[in-house]
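The values are calculated or read from the model by the stated rules, or taken from the named source; none is laboratory data. Worth saying up front: this structure is predicted, and the values here are computed from it rather than measured. Using ideal geometry, Cβ is built from the backbone for each residue, glycine included, and neighbour counts are taken over all protein chains shown. Side chains are part of the model used for accessible areas, which takes the heavy atoms of the whole protein and leaves out ligands, DNA and RNA. Shrake-Rupley method; radii C 1.70, N 1.55, O 1.52, S 1.80 Å.
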Amino acid sequence: MRHVADIPHPAVKITLLAWNGKFLLKLEQGNLEQTYKVAELDLLTGTDAEARELLDDEFLAAAIARFQAMRDDLQAAFDRHELR
């Protein structure tokens, strides 16, 4: 796996990786992580610049909202089992 770039963002840590003919868009917030695999063949030229274009405001807003849903789901599981 090759580290391509760290992409600055105020709300999430974004890492772009390349591996096995795919770009991995890795988003982290606290103890949660989302990874999106994008085949190089699904892009016009297969470059990391195109993979970065996917990280537009709309995509990132949805991913950040998803982090909140993930956090809520995890907390609900803890609550059901009285673990925290």
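Identify, by number, the condition in (1) of a type in the set (S, T, N, Q); (2) within 16 Å of the chain's Cα centre (by Cα); (3) not in a helix (DSSP H, G or I) that T45 doesn't meet.
(2)
Examine the stretch 64-74 for a residue that is outside any strand (DSSP E or B), surrounded by 14 or more Cβ atoms within 10 Å (Cβ to Cβ), out of contact with any strand residue (DSSP E or B) (no Cβ under 7 Å at 6 or more places or on another chain) and among the β-branched types (V, I, T), and state whether such a residue exists.
yes
Pairs under 7 Å by beta carbon, first residue farther than 14 Å from K26 by Cα in the stretch 50-78, partner open to solvent by 40 Å² or more (accessible area, probe 1.4 Å), six or more apart or different chains?
Listed by first residue and then by second, the contacts come to E50/L44; F78/R84.
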